[in-house]
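Input: a single structure, listed below in structure tokens.
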């Protein structure tokens with residue numbers, strides 16, 4: 001195996017930004033051991049892994065956040081753009097540096113479990129920190145999409161982010177005033193939502209998260225929705241009623257989403273829509 | 001030649017709640033979700049069986065009605081945000 005050229009980390013990061021990433025960071029592969037169970041660590045996917053390169057970007061624009069239909073933001077999902085950057089970096093690491101590079105597949109290994117947590121990777125690469133709602137927020141850009149490359153290259157690693165974006169100052173004020181935050185109020189676990197938590201000074205503490213219910217919202221018209229309606233249809237003995245299910249709006253929309261692939265995977269953004277740290281809330285005309 | 005893996009519905013019914021509780025499906029502050037292998041070791045099952053129980057249970061835990069509620073939730077939350085962010089109370093649902 002060749003020696004890593006001087007300045008390789010800097011060169012790789014510049015390539016990532018040039019390719020369209022808004023941020024890029026590098027995590028130590030062994031740092032995952034303290035957080036992820038065996039089977040979901042970099043070395044489990046690529047034996048001999050030393051670092052994980054993470055890129056973030058392709059975040060929704062201001063107009064997407066204020067659109068009056070939730071379906072607009074889901075169909076404007078741009079995850080594939082950042083995945084393309086990840087694939088290019090993997091190619092560059094192998095062709096220019098001569099080290100193994102594994103693009104982390106954005107899909108799931110089984111059921112809802114990912115191969116490797118991209119959010120954990122982003123956090124360990126110093127690109128952001130976990131918000132009360134769940135997604136990793138970058139201090140400058142807020143909510144982003146992530147892509148990661150596991151490599152045997154001994155790149156220079158970045159430290160974790162020192163100051164988290166969540167809770168935002170206005171959320172701390174709201175907590176003092178009302179005992180809740182925008183994300184907890186819009187999707188409360190104790191009232192049919194997904195989230196529970198609290199603020200302890202400048203620290204957000206998430207106490208509960210119903211991933212299964214979140215799945216019904218994020219993937220309403222996706223694999224889960226398809227399976228649920230399919231089951232209902234198979235159990236329906238009346239031919240005309242079966243037709244209503246199969247030809248109906250839910251099934252039709254679900255099939256559009258599935259066949260348009262990842263441009264339509266993420267379908268719920270409500271905890272991020274109301275989050276002051278997620279998209280800046282810059283005044284637009 | 002191996003046959004297609006089919007999960008026994010009785011095994012599923014017996015273990016689904018415990019598998020979901022130990023997995024990442026419902027996350028709490030005091031415990032990280034276990035991998036399928038870790039759950040299998042705890043429950044004395046093989047990993048493939050746990051994976052199958054978890055995957056089926058993830059979809060089974062909420063009825064189809066919850067998907068319909070998801071649509072209503074997003075429509076309402078989105079409209080309310082648009083009305084507030086754009087300072088257009090007329091956009092808010094009556």
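The values are calculated or read from the model by the stated rules, or taken from the named source; none is laboratory data. What you see is a predicted model, and the numbers here were worked out from it, not measured in a lab. As a convention, Cβ positions derive from the backbone with ideal geometry for all residues, glycine included, and neighbour counts pool all protein chains shown.
State whether the residues of the stretch A:231-254 include one that is under 30 Å from residue A:133 (Cβ atoms), out of contact with any helix residue (DSSP H, G or I) (no Cβ under 7 Å at 6 or more places or on another chain), surrounded by fewer than 17 Cβ atoms within 10 Å (Cβ to Cβ) and more than 10 Å from chain B (Cβ to nearest Cβ). No, because not a single residue in the stretch A:231-254 is under 30 Å from residue A:133 (Cβ atoms), out of contact with any helix residue (DSSP H, G or I) (no Cβ under 7 Å at 6 or more places or on another chain), surrounded by fewer than 17 Cβ atoms within 10 Å (Cβ to Cβ) and more than 10 Å from chain B (Cβ to nearest Cβ). Count of the stretch B:10-31 residues, restricted to those that are within 14 Å of chain A (Cβ to nearest Cβ) and loosely packed, with under 14 Cβ neighbours inside 10 Å, is 5.
Against the test of being within 23 Å of residue A:257 (Cα to Cα) and away from every other protein chain (no Cβ under 11 Å), the options A:60, A:42 yield a single qualifying residue, A:60. If only residues of the stretch A:190-214 that are facing chain B (nearest Cβ under 7 Å) and surrounded by 20 or more Cβ atoms within 10 Å (Cβ to Cβ) are counted, the one that is farthest from residue B:23 (Cα to Cα) is A:206.
Only one of the numbered conditions (1) closer than 18 Å to residue A:152 by Cα; (2) touching a helix residue (DSSP H, G or I) at 6+ places or on another chain (Cβ under 9 Å); (3) surrounded by fewer than 22 Cβ atoms within 10 Å (Cβ to Cβ) is violated by residue A:13, and that is (2).
Among the criteria (1) at pLDDT 95 or above; (2) farther than 19 Å from residue A:183 by Cβ, the one residue A:123 does not fulfil is (2).
When the strands (runs of 3 or more DSSP E) confined to the stretch A:135-249 are screened for residues that are closer than 25 Å to residue A:56 by Cα, those reaching at least 3 such residues are found at A:136-138, A:145-151, A:203-210.
Where helices (runs of 4 or more DSSP H) sit wholly within the stretch A:31-99, those with at least 3 residues that are at pLDDT 90 or above and surrounded by fewer than 20 Cβ atoms within 10 Å (Cβ to Cβ) occupy A:42-45, A:79-92.
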